[in-house]
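Shown next, in structure tokens, is the structure this report addresses.
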Amino acid sequence: MAGNLELIQTLSAKVDTLLAKMSEEKSVLANKVAEINSLQTEVSGLQQQITELKGENESLKNQAVQPTDNSEEVKAKIDGLVREIEECISLLKV
């Protein structure tokens with residue numbers, strides 16, 4: 001009878017340990033879900049930014065750029081926008 005009591009106590013302790021681990025894993029899971037939601041929001045914002053930058057880039061490309069003193073400035077701005085788009089795309093790939 002004493003052996004059964006020890007077995008029950010051992011099983012009870014193991015069940016308590018498993019319940020504690022399960023609670024801990026639920027907490028980790030909730031944190032991961034929150035992190036995923038945050039990252040999805042960030043990706044959505046970055047995609048919106050890419051769309052806006054592509055539109056701005058197309059707008060600049062469609063403008064008649066006359067070879068004047070500010071043509072270098074326009075080229076530099078386009079290069080900057082292209083770099084921003086590439087950075088956004090690389091962030092989306094992460």
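Assuming 1.567 mPa s and 4 °C, estimate D for the chain with Stokes-Einstein, Rh taken as the Kirkwood radius over Cα pairs, in µm²/s.
D = 70 µm²/s.
Report the charge-dipole magnitude of the chain in Debye, nearest 20, computed about the Cα centre from +1 at each Lys and Arg Cβ and -1 at each Asp and Glu Cβ.
Here the chain has a charge dipole of around 420 debye.
For a Förster distance of 41 Å, can you work out the FRET efficiency between the beta-carbons of Ser71 and Leu18, rounded to the nearest 0.05?
It comes to 0.05.
Angle check, please: helix 71-93 long axis (alpha carbons) against the longest principal axis of the chain (alpha carbons), in degrees 0 to 90, nearest 10.
Approximately 20 degrees, to the nearest 10.
Which net charge results for the neighbourhood of Lys14, defined as the other residues with beta-carbon distances under 14 angstrom from its beta-carbon, given Lys and Arg at +1 and Asp and Glu at -1?
-1
Round to the nearest 10 and give me the degree value, 0 to 90, for the angle of helix 2-62's Cα axis relative to the longest principal axis of the chain.
10
Across the chain, how many lysine pairs, 8 or more apart or on two chains, come within less than 23 Å at their alpha-carbon atoms?
For the chain, the number of qualifying lysine pairs is 8.
A short reminder: the numbers here are calculations on the coordinates, not readings from a lab. Since this is a predicted model, take the numbers as computed values, not measurements. All Cβ positions, glycine included, derive from the backbone under ideal geometry; neighbour counts span all protein chains shown.
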